[in-house]
Amino acid sequence: MTDTTSTRRMPIGTRIYLYLSLSLVAAIVLVPLVTTALGGFKTLGDLRVNPFGLPSDWVWSNYVDILFGERYWRQMVNSLIIACTTVFLTLVVSSMAAFCFAHIRFFGANQLLNYFLIGLMFPAATAILPLFIRIRDLGLLDSYWGVILPQVAFGLGMSILLFRNYFRNLPEDLFQAAFVDGCGYIRFFWYISLPLSRPIVATVGIVTFVSSWNSYILPLIMLNTESKYPWPLGIMVYRGEFGTDWQLVLAFITLTILPTIIVFFLAQKHIIAGLTAGAVKS
Amino acid sequence: MTNMTASLGEASVPDAAAHVRYKSPTARGRLPALIIFLPPALLLFTLFVILPMGEAAWYSLYRWNGYGTPTEFVGTRNFQVLFNNAAFSQALVNNGLIILVSLLLQVPLAIWLAVMLSRKIAGVVAFRLVFFLPYVLADVAAGLIWRFVYDGDYGLFAAIAGFFGVATPYVLADKDLAIYAVLAVVIWKYFGFHMMLFIAGLQALDKSIMEAAEIDGATGWQKFRFITLPLLGSTVRLSVFFAIIGSLQLFDLIMPLTGGGPSNSTQTMVTFLYTYGVTRMQVGLGSAVGVVLFVICVTIAFGYKRIFMRHD
């Protein structure tokens, strides 16, 4: 009630100032994205004289050629395989470990938790050379596993922390009841903790998926067969090949970020909450 | 609450064994659970995070091309080379510059937008969505898009320069300008994330303080300066912390824009590590960069938390 009245009381000048400022920032965000998408519909000549406006002739072939080619889809599938496996492994491994830290008393539990939290303090790039040598010596170079396993490992610190805090806040009565009935830890984890933890599974899943889907440095170093490249690596190669044929590069960029944008708009609430909560809570 | 259920439980389970089991907080299967649940995480984390970090410290004392075992011990020479290297000094300066710009431009911008978007006006949700969008996009894609924007022949900068009839600036090819162009993209990419932090922080504020101030006749600026800003303190510290950590690992965004060039003017520590350590397989030198980065990150993580965030 008070809110609506204060809206009405807002002077017209304030309102103009607000909308002008917000629209200006929105334009700065959107113009590069929109011109990229439109640029994919232009010829190179058209792009040169008219980078801002609508295409003088809508050229569909840039997009159509990419969509009917094998390259784009292969990269998308590669990224999807890597991201889904990473998410699955992260969820399984970190929820199990977090369960121990949340509910089981054992010698050195705190020290062990702190050990995992060291991972929160430095970026994966720090140890990228020794990591490369380790992956090479394990024979995992140029395989998806060479990307997936380090990604899972580097996500563990945050995921374990998020899961542990969530498990700890589940109502304690549950345990009393279950344990009295003779339920062991493993069954408790599987039948009670996990089913009750959907929100945190979603948070960890979203954070892990987004960072894996967008990741560049690990695949760049671990993979060297082009048919295995995930899309961020793929667009860099594509841009290297087609150089100044910007209309093709722009169409390719647009198609590669399109899934992200669509999913973002469909699941915006969860994604924004997941990405900010994931950062804040850890 | 717990006590209540405890007494209920005791009453309904007269059996002595159950009573004992009940009193101790452990259930059956403690050891099997630990044996099954902990090792996967422990193994992955040790193998791919902790050991490589330790090895980086070890390798940094050697000159090594990555094959066989490191034998050529050079002591601290890799570090001496590093700190006498102009490109690495530039990388350190650039990392510092990115942090500075985050503090002076990005955080205030994020607060300004968050305060505006906390008002009840039409279209708030749409604006939030648009401002957060760049954060969701991959750094590589954002970098390539801006490479087009900055392109002197086909890009938006060319068109703008053409419109005003001035010579087209090749921003990313100019070693004095390129770093500022990169900084602009960093802000474009990340301000939405910081804005969301502040929106969340503002929502958590106690509304009654604001109403009291309104009754006392505080102006908009006074309310912001003396109520909102001090109460947002913990969010500001959090946002600054993320800005620092994020800037230290900046790599994905630089590669498509400039690759660290022209003439090393846009190197960061990680692009330097990649260019001089990874592509040339100078494991010792690259590991030394890793060690420096690690020391900086850990110092900041501990120091910052201790000094600025101890009350949060």
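Where a number appears in this text, it was derived from the coordinates with a stated rule and is not lab data. The structure displayed is predicted, hence computed values, not measured ones. Neighbour counts are summed over all protein chains in view; Cβ atoms, including those assigned to glycine, are modelled from backbone coordinates with ideal geometry.
Overview of results
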{"quantity": "Contact order normalised by residue count of chain B, Cα under 8 Å, 6+ apart, percent", "calculated": "27 percent"}
{"quantity": "Positive-end residue of B:Ile111, B:Asn94, B:Leu205, charge dipole of the stretch B:87-307 with Cβ unit charges", "calculated": "B:Leu205"}
{"quantity": "Student exercise, chain B dipole from Lys, Arg, Asp, Glu Cβ charges, in Debye to nearest 20", "calculated": "560 debye"}
{"quantity": "Fewest-first sequence of B:Trp112, A:Trp246, B:Trp221 by Cβ atoms within 10 Å of each Cβ", "calculated": "B:Trp221, B:Trp112, A:Trp246"}
{"quantity": "Residues with amide H under 5 Å from that of B:Tyr62, placed H, sequence gap 5 or more", "calculated": "B:Val74"}
{"quantity": "Span-rule helices in chain A, defined as complete DSSP H runs reaching 30 Å or more along the axis (Cα) with Kyte mean at least 1.6", "calculated": "A:12-39"}
{"quantity": "Sorted by Cβ density within 10 Å, fewest first, the residues B:Lys175, B:Lys189", "calculated": "B:Lys175, B:Lys189"}
{"quantity": "Fewest-first sequence of A:Val180, B:Val182, B:Val136 by Cβ atoms within 10 Å of each Cβ", "calculated": "A:Val180, B:Val136, B:Val182"}
{"quantity": "Inter-chain Cβ neighbour average for residues A:129-141, partner chain, 10 Å", "calculated": "6"}
{"quantity": "For the stretch A:2-63, with +1 on Lys and Arg beta carbons and -1 on Asp and Glu, the positive-most of A:Val34, A:Leu47, A:Leu20 along the dipole", "calculated": "A:Leu20"}
{"quantity": "Relative contact order for chain A, counting Cα pairs under 8 Å that sit 6 or more residues apart, in percent", "calculated": "31 percent"}
{"quantity": "Cα centroid separation, the stretch B:238-294 to the stretch A:81-131 (Å)", "calculated": "25 Å"}
{"quantity": "Shielding score for A:89-100, defined as the mean number of other chain Cβ atoms within 10 Å", "calculated": "4"}
{"quantity": "About the Cα centre, charge dipole magnitude for chain A (Lys/Arg +1, Asp/Glu -1 at Cβ), debye", "calculated": "660 debye"}
{"quantity": "Under-24-angstrom lysine pairs by C-alpha in the protein assembly as shown, whenever the two are 8 or more apart or on separate chains", "calculated": "11"}
{"quantity": "Span-rule helices in chain B, defined as complete DSSP H runs reaching 30 Å or more along the axis (Cα) with Kyte mean at least -1.0", "calculated": "B:178-203, B:283-307"}
{"quantity": "Charge dipole magnitude, Cβ of K and R +1, D and E -1 - the stretch B:59-209, Cα centre, debye nearest 20", "calculated": "440 debye"}
{"quantity": "Exercise: per-residue mean of other protein chain Cβ atoms within 10 Å, A:24-32", "calculated": "6"}
{"quantity": "B:Leu129/B:Ile300 FRET efficiency (R0 51 Å; Cβ-Cβ; nearest 0.05)", "calculated": "0.95"}
